[in-house]
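Everything on this sheet refers to the single structure shown next.
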Amino acid sequence: MAVMTLVEAVRNALDWEMERDESVIVLGEDVGLHGGVFRATDGLQKKYGPLRVIDTPLAELSIAGLAIGAAMNGMRPVAEIQFADYIHPAFDQIVNEAAKIRYRSNGTFGCPIVVRAPFGAGVHGGLYHSQSVEALFYHVPGLKIAIPSTPADARGMLLSAIRDPDPVLFFEHKRMYRRLKGEVPEGEYTVPLGKAEVKRPGTDLSLITYGSGVYLGLEAAERLEREDGVSVEVLDLRTLAPLDQEAIAATVRKTSKVLVFHEDNKTGGIGAEVAARIAEELFAYLDGPVMRLGAADSHIPYAASLEEAILPNTETVVQALRRLAAY
Amino acid sequence: MAVMTLVEAVRNALDWEMERDESVIVLGEDVGLHGGVFRATDGLQKKYGPLRVIDTPLAELSIAGLAIGAAMNGMRPVAEIQFADYIHPAFDQIVNEAAKIRYRSNGTFGCPIVVRAPFGAGVHGGLYHSQSVEALFYHVPGLKIAIPSTPADARGMLLSAIRDPDPVLFFEHKRMYRRLKGEVPEGEYTVPLGKAEVKRPGTDLSLITYGSGVYLGLEAAERLEREDGVSVEVLDLRTLAPLDQEAIAATVRKTSKVLVFHEDNKTGGIGAEVAARIAEELFAYLDGPVMRLGAADSHIPYAASLEEAILPNTETVVQALRRLAAY
Amino acid sequence: MTTEGTALIRAQHQPEHERLGLSADQVLRMYRTMVLARRLDERQWILNRQGKQAFVISCQGHEASGVGSASALQPGLDLMCPYYRSLPAVLVFGSTARDVLLEGLSRAEGPWTGGRQMPAHFGDVRYHILTSGSPVATQIVHAAGAALAAKIRGDGAVAIAYFGEGATSKGDFHEGLNFAAIHRLPAIFFCENNGYAISTPLGKQMAVPNVADRGPAYGMPGVVVDGNDLLAVYRVTRQAAERARRGEGPTLIEAKVYRLTPHSSDDDDRRYRAPSEVEEARKAEPLIRMRRYLEEQSLLDERQEAAIQESVAAEIEAALAYAEQAPLPAPTEARRHVFQEAA
Amino acid sequence: MTTEGTALIRAQHQPEHERLGLSADQVLRMYRTMVLARRLDERQWILNRQGKQAFVISCQGHEASGVGSASALQPGLDLMCPYYRSLPAVLVFGSTARDVLLEGLSRAEGPWTGGRQMPAHFGDVRYHILTSGSPVATQIVHAAGAALAAKIRGDGAVAIAYFGEGATSKGDFHEGLNFAAIHRLPAIFFCENNGYAISTPLGKQMAVPNVADRGPAYGMPGVVVDGNDLLAVYRVTRQAAERARRGEGPTLIEAKVYRLTPHSSDDDDRRYRAPSEVEEARKAEPLIRMRRYLEEQSLLDERQEAAIQESVAAEIEAALAYAEQAPLPAPTEARRHVFQEAA
Ligand SMILES: Cc1ncc(C[n+]2csc(CCOP(=O)(O)OP(=O)(O)O)c2C)c(N)n1
Ligand SMILES: Cc1ncc(C[n+]2csc(CCOP(=O)(O)OP(=O)(O)O)c2C)c(N)n1
Ligand SMILES: [Mg+2]
Ligand SMILES: [Mg+2]
């Protein structure tokens, strides 16, 4: 096993899959010669040529639309959106086209595309280099949404995403691109979509989260263990759509107290659905309210003093867990 | 008071406000000479001229973008998207621009636009003339979302929306455009945004809903009263963003059993947020799980036999209410 | 007189279809497809009035542009991204009257959508016709993507996108054409300019007289063709396909046509255009025009015309009989195919 | 020799700025604004290296295009939709060194965003500079919308949108220009073509040599101008503004410039362009060019040049001193202005 950063794991997965499967192509802004502004595609154009690693014009609608057209003609395109904040121009192509192609054709066409994008805040990117966009697509039937939180998951899940017969949105937390390092199995190693993972077992409280929330959550859990003697289980959803209902049920049944947490703002976030499901389906197991924590319902400002006031942090997670433990 | 259909109430509101305020303009596809495919703008171009009632090219991105630019230059544009299903090309302009203009300019600019669109299913429109899109915008800070369920609300809320200093998405259920008739106060009559309304008081169960859900809900409530002697309170949210938390709390405190219901598909819908809030903030008042009901997590097919299998109806609402009553 | 001179004179007198290398049989088949499209279209309006088909959107007036262009391509190899007026084109690629009516009546067996979409939402994987939805212009980008795939594989296929002039106003048109031109993709962008987008006339859609004027702005030829003239459409499309297959890149073709019906069965076109304008247009309509050509070339007489009409009518009635007895989609089907089902 | 002849000769020898009706004072002021923009830009790179300003995105190479075009408009009447390289243009409309550095250091008092956005996100309601975000090309449509409002009110204002050549690939460009042309709006679409969109060269962005070639495709003039030539930019922009005010509609202007810096402080341009190319471009850069012109016209000597440089430096240092002591935004501000606050 090699040690890789998150972005290296992404690149490695792309390389592996392009080597293995000729129909895999990569397209996006600056992905070729430049290797991507985060270097996720570094070296791929040199290796696979400009026909398979395509520098597109500055036009996200068409990045998605081209991927869809190529997918309907036998390719497995992996489109990169330079920042998740710039996926919105492609919203129609993703939501009205990619998500509906299989259904509207009565199952005769598929749309096996992956749309990758760096997302998330905490890098002083301001309103337009900080967004979490997963919740905007979450309501749309026909889309899968994956957010790996470790380099190993990133590699394994990206391979699964590329091989998936349906459109997958694959969001990579940009703040974790280089900070995170971890052992990554090489070769044929896949992590299935739709499977959550307990990143830290615990018995008293459940923290259900994903993405950067896993790290804040693990830190908070350790503090609670140390300072309060409270044992927190941290469940990393990994795939948001489809949700791993069994894993959610298992942790709730185990602890009966749950905090759903994400970096993204609270209202209408992924946490709303997770919490609503628990409240409806696992009501009988609950020893307290299903609590939620997310960023303030605000855009994300640039100045550090402002950004910090919007985003959750370990301290706010600890406080929420303590409120929950008090029930 | 005059009796109007829903679409007449919309037209009447536009006319009233264009007469009262020179800065109000209307733009969209076929809104001029043709008067709109649903006739919501019928006669307005004749009365106010082609400078204030503008037939745009077939290009929703720019319909929204033009409205934004005109709003920043002193106008109060009311943009029509011909079907809510075609609002997605304008997603970027609405989400990345309109919603963020006040925040990003530190409060120095505003974006007082209204984007109106007919939405909703049940008219055999298939995947692209049936969508509910409110949940796709619900997560975005800076947007208000209004869905009137009666002609009077439509007129009163649309006047409030046009006068609102911030962007308002105003969705009108197309199946109710002509079926619904009701008394509508004329002249200066506004219904404030952000205020829900109890459309039917009750004591045993709460049904929280909006849009077409109000009608299915009222029918179901009557059946429960008649057949089961169970009293159901029907709360019409009217404005989804911002939610009327007080009204929600009031009905939950009153009945302690709640069904959140909408025509839109369930996962990640508005109901998720409403249910999650109740589960978190009103846990102590609950005598049963917060139940949700919505369409199946599917696209909406054209054939009647298929569409009926996806959408909720009075019977499914009655069944859900009975399950709830059984707690 | 030199041999060359004789050849020249013969060429001048040579009927257009021969000059294009088309046999009498081939043009007659093209004409029959136009007739089939028209009659199928008319039949659907009747079904609509009978309350059997909830919605109709027509190809009437678009028969020469659809048949002429699709006939210049290679079914089975080339790819088509149709729009809702592409009935004549999809018939050329392999779709049948039965397919049309199964979908018109939203039967389970409908090969394009199985009743999940409104009529005229073409898409048949067997014939390389990519699935289409209702949003205008999105398929233009798909055609560029399909052409990109063809170029990467080097399989020699050409992708054609069909769309109206209203569709050219959307960003999809701009981005699709721009990309195709940069990468010299084997694509044809075929605009059927019928002068209206629902009620919106051309002058409110663009400030230039021709959609084709935009080709050069992307670095591709823009060709205007009389969309009522089957053979002219065939000629320019074949040239575009040859160019594409030579690796020289895409072409924008604008066929000037007229929509002979209201926008759809939900539309009342008297609100925005004079009936006299429609009547005027009927005089130049593509079926009459082609019939006259065939008569002038002595390829068609009244008897033969009647035979075609009869065989088309019989084909449609047989298809309709089949479609009417075919079962509606079962409610249990409704939730399938949101995602691929486990094998 | 006739009087006419003499006038002609005089005109031929007349300095370009006089021919444009600009006084010596006016061109010197324009030159000073270019210098101010350049020095402010350079200062921000130093602040970046000092760890004081997290991000810089430059206008270096865009000074003549920004100052020349904005100077041809009427600040206080006309509207500007800037992009992140519009520092020279916003200085003309009223923004100051202090504004720039307050925003560069993300201070609460920053008049554009109060520290909510990255540096170079211009927008000042006092000067009719509409607020800008980071998404490329969206402001092109806003300019059309602002021009529509101006036309409806008949207030004589012109709206100008600034953007790079990369931005022209987005649907926003297409839809904005198309609408403006149809409605003959008083708008100017001003493209600063610096040959790259981050790493992507022009040839991967479009298959035509000039952005301006697209103007006629929308029904508006497309004008190419040497963006290193202040007075040439001024001339074509003034013509476009006059045309707009006469009600004749919009103009697309393409100023050919070169980006003298990496894309931003996060970019390493050696990955995709040769340092020699940058060196070559420096020889033709707009400040040197304008200085030479002023010297040739005897409007500027070394002493005067030194005086300008000194006064600019002093202005910047005073602004920086102010900005550095200005408070950062209070955390309590963070949640404000999502919606308008109750009065
Ligand atoms: C994105 C989008 N917006 C609006 C519509 C509604 N609509 C359907 S067809 C049409 C007009 C299309 O005009 P044109 O492209 O000229 O094609 P035509 O119908 O004239 O053949 C409109 C506005 C749509 N289907 N998609
Ligand atoms: C919609 C969108 N996509 C991507 C980006 C990231 N991005 C910022 S600037 C830029 C290049 C812009 O190129 P161009 O328009 O030529 O302007 P230049 O920077 O060269 O002046 C890109 C890709 C963005 N800001 N917005
Ligand atoms: Mg048309
Ligand atoms: Mg550039």
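Please go through segment A:9-33 and pick out each residue that is surrounded by 22 or more Cβ atoms within 10 Å (Cβ to Cβ) and either of a type in the set (D, E, K, R) or within 16 Å of ligand 2 (Cβ to nearest atom) (or both). Within segment A:9-33, A:R11, A:L27, A:G28, A:E29, A:D30, A:V31, A:G32 qualify.
Answer with yes or no whether D:A217 is without any contact (Cβ under 8 Å) to a residue 12 or more places away in the chain, under 25 Å from A:G36 (Cα atoms) and away from ligand 4 (no atom under 15 Å from the Cβ). It is false that D:A217 is without any contact (Cβ under 8 Å) to a residue 12 or more places away in the chain, under 25 Å from A:G36 (Cα atoms) and away from ligand 4 (no atom under 15 Å from the Cβ).
Of the helices (runs of 4 or more DSSP H) that lie entirely inside segment A:265-327, those containing 2 or more residues that are away from chain B (no Cβ under 13 Å) span A:304-310, A:314-325.
Filter segment A:281-291 down to the residues that are without any contact (Cβ under 8 Å) to a residue 40 or more places away in the chain and in contact with a Lys or Arg (Cβ under 6 Å, 6 or more places away or on another chain) and list them by number. Before the answer, list the steps.
If we filter segment A:281-291 for residues that are without any contact (Cβ under 8 Å) to a residue 40 or more places away in the chain, which is where we start, we get A:281-286, A:288-291.
Answer for segment A:281-291, where residues must be without any contact (Cβ under 8 Å) to a residue 40 or more places away in the chain and in contact with a Lys or Arg (Cβ under 6 Å, 6 or more places away or on another chain): A:Y285, A:G288.
Taking the criterion of being more than 19 Å from the chain's Cα centre (by Cα) and closer than 15 Å to B:L324 by Cβ, the residues of segment B:177-223 that qualify are B:G202, B:T203, B:D204, B:L205, B:S206, B:A220, B:A221, B:R223.
Being within 16 Å of ligand 4 (Cβ to nearest atom), more than 14 Å from chain C (Cβ to nearest Cβ) and more than 24 Å from C:G166 (Cα to Cα) narrows it down to one of D:A161, D:A157, D:A232, so name that one. Steps first, please.
Values: D:A157 fails: within 16 Å of ligand 4 (Cβ to nearest atom); D:A232 fails: within 16 Å of ligand 4 (Cβ to nearest atom).
Among D:A161, D:A157, D:A232, only D:A161 is within 16 Å of ligand 4 (Cβ to nearest atom), more than 14 Å from chain C (Cβ to nearest Cβ) and more than 24 Å from C:G166 (Cα to Cα).
Candidates D:A167, D:A180: the one that is more than 16 Å from ligand 1 (Cβ to nearest atom), small (G, A, S) and over 30 Å from A:V53 (Cα atoms) is D:A180. Out of segment C:140-169, which residues are within 15 Å of A:N96 (Cα to Cα) and within 15 Å of ligand 3 (Cβ to nearest atom)? If the condition is that a residue be within 15 Å of A:N96 (Cα to Cα) and within 15 Å of ligand 3 (Cβ to nearest atom), then C:I140 is the only one that fits.
Pairs linking a residue in segment B:61-89 that is more than 7 Å from every other protein chain (Cβ to nearest Cβ) and assigned to a loop (DSSP other than H, G, I, E, B) to a residue that is within 16 Å of ligand 3 (Cβ to nearest atom) and of a type outside the set (G, A, S), with Cβ atoms under 8 Å and 6 or more positions apart or on different chains, are B:Q82/B:E29; B:Q82/B:D30; B:Q82/B:V37. Go through the residues of segment D:77-90 one by one and say whether even a single one is within 14 Å of chain B (Cβ to nearest Cβ) and either more than 25 Å from A:G126 (Cβ to Cβ) or at pLDDT below 95 (or both). Yes, because at least one residue in segment D:77-90 is within 14 Å of chain B (Cβ to nearest Cβ) and either more than 25 Å from A:G126 (Cβ to Cβ) or at pLDDT below 95 (or both).
Going by what's in this entry, would A:A121 be described as in contact with an Asp or Glu (Cβ under 8 Å, 6 or more places away or on another chain), surrounded by fewer than 23 Cβ atoms within 10 Å (Cβ to Cβ) and among the aliphatic types (A, V, I, L, M)?
On the way: in contact with an Asp or Glu (Cβ under 8 Å, 6 or more places away or on another chain): yes; surrounded by fewer than 23 Cβ atoms within 10 Å (Cβ to Cβ): no; among the aliphatic types (A, V, I, L, M): yes.
Judged against the criteria, A:A121 is not a match.
Can you work out which of the residues in segment B:37-60 that are buried (at least 24 other Cβ atoms within 10 Å of the Cβ) and more than 16 Å from ligand 3 (Cβ to nearest atom) is farthest from the other protein chains (Cβ to nearest Cβ)? Filtering segment B:37-60 for residues that are buried (at least 24 other Cβ atoms within 10 Å of the Cβ) and more than 16 Å from ligand 3 (Cβ to nearest atom), the one farthest from the other protein chains (Cβ to nearest Cβ) comes out as B:A40. Summed over segment B:36-70, residues that are more than 25 Å from B:R178 (Cα to Cα) and out of contact with any Pro (no Cβ under 6 Å at 6 or more places or on another chain) total 15.
Residues that are among the aliphatic types (A, V, I, L, M), more than 14 Å from chain A (Cβ to nearest Cβ) and touching a residue at least 40 places away in the same chain (Cβ under 8 Å) do occur in segment B:243-264, at least one of them. Taking segment D:159-214 as the range and being part of a loop (DSSP other than H, G, I, E, B) and either away from ligand 2 (no atom under 13 Å from the Cβ) or among the polar types (S, T, N, Q) (or both) as the test, the residues that pass are D:H183, D:R184, D:L185, D:P186, D:N194, D:S199, D:A207, D:V208, D:P209, D:N210. Annotation note: of D:F163, D:F122, the sole residue that is in contact with a Ser or Thr (Cβ under 9 Å, 6 or more places away or on another chain) and surrounded by 24 or more Cβ atoms within 10 Å (Cβ to Cβ) is D:F122.
Condition check for B:T190 on (1) closer than 23 Å to B:L27 by Cα; (2) within 14 Å of chain C (Cβ to nearest Cβ): one failure, at (2). When D:G227, D:G249 are checked against the criterion of being at the interface with chain C (Cβ under 10 Å from one of its Cβ atoms) and not hydrophobic (A, V, I, L, M, F, W, C), D:G249 stands alone in meeting it.
Tallying residues that are under 16 Å from the mean Cα position of the chain (by Cα) and away from ligand 1 (no atom under 16 Å from the Cβ) within segment C:134-159 yields 2. Among the numbered conditions (1) touching a residue at least 60 places away in the same chain (Cβ under 8 Å); (2) under 22 Å from C:V67 (Cα atoms); (3) within 12 Å of chain D (Cβ to nearest Cβ), the only one that C:G222 does not meet is (1).
Does A:V123 qualify as being closer than 18 Å to B:H88 by Cα, in a loop (DSSP other than H, G, I, E, B), more than 16 Å from ligand 1 (Cβ to nearest atom) and among the aliphatic types (A, V, I, L, M)? Criteria not met by A:V123. So which residues in segment C:331-341 are part of a loop (DSSP other than H, G, I, E, B) and within 7 Å of chain B (Cβ to nearest Cβ), if there are any at all? C:A334, C:R335, C:V338, listed by residue number.
Residues in segment B:161-176 that are surrounded by fewer than 23 Cβ atoms within 10 Å (Cβ to Cβ) and away from chain D (no Cβ under 12 Å): B:R175 alone. For segment C:175-183, the criterion of being within 11 Å of another protein chain (Cβ to nearest Cβ), closer than 30 Å to C:D213 by Cβ and within 16 Å of ligand 4 (Cβ to nearest atom) is met by at least one residue. Scanning segment D:215-243 for residues that are among the small types (G, A, S), in a helix (DSSP H, G or I) and crowded, with 23+ Cβ neighbours inside 10 Å returns D:G215, D:A217, D:A240.
Which members of segment D:200-215 meet the condition of being more than 7 Å from chain C (Cβ to nearest Cβ) and farther than 20 Å from D:S69 by Cα?
Kept after step one, since they are more than 7 Å from chain C (Cβ to nearest Cβ), are these residues of segment D:200-215: D:200-203, D:205, D:209-212, D:215.
D:T200, D:P201, D:L202, D:G203, D:Q205, D:P209 - these are the residues of segment D:200-215 that are more than 7 Å from chain C (Cβ to nearest Cβ) and farther than 20 Å from D:S69 by Cα.
Taking the criterion of being away from ligand 3 (no atom under 16 Å from the Cβ) and part of a helix (DSSP H, G or I), would at least one residue in segment C:244-267 satisfy it? Yes. Examine segment C:108-129 for a residue that is within 14 Å of chain D (Cβ to nearest Cβ), within 22 Å of C:A72 (Cβ to Cβ) and modelled with pLDDT of 95 or more, and state whether such a residue exists. No, because not a single residue in segment C:108-129 is within 14 Å of chain D (Cβ to nearest Cβ), within 22 Å of C:A72 (Cβ to Cβ) and modelled with pLDDT of 95 or more.
Regarding C:A197, is this residue within 20 Å of the chain's Cα centre (by Cα), away from ligand 4 (no atom under 16 Å from the Cβ) and within 14 Å of chain D (Cβ to nearest Cβ)? Yes.
The values are calculated or read from the model by the stated rules, or taken from the named source; none is laboratory data. A quick note: this is a predicted structure, and the numbers were derived from the prediction, not measured. Neighbour counts run over all protein chains shown; Cβ positions are idealised from the backbone, glycine included.
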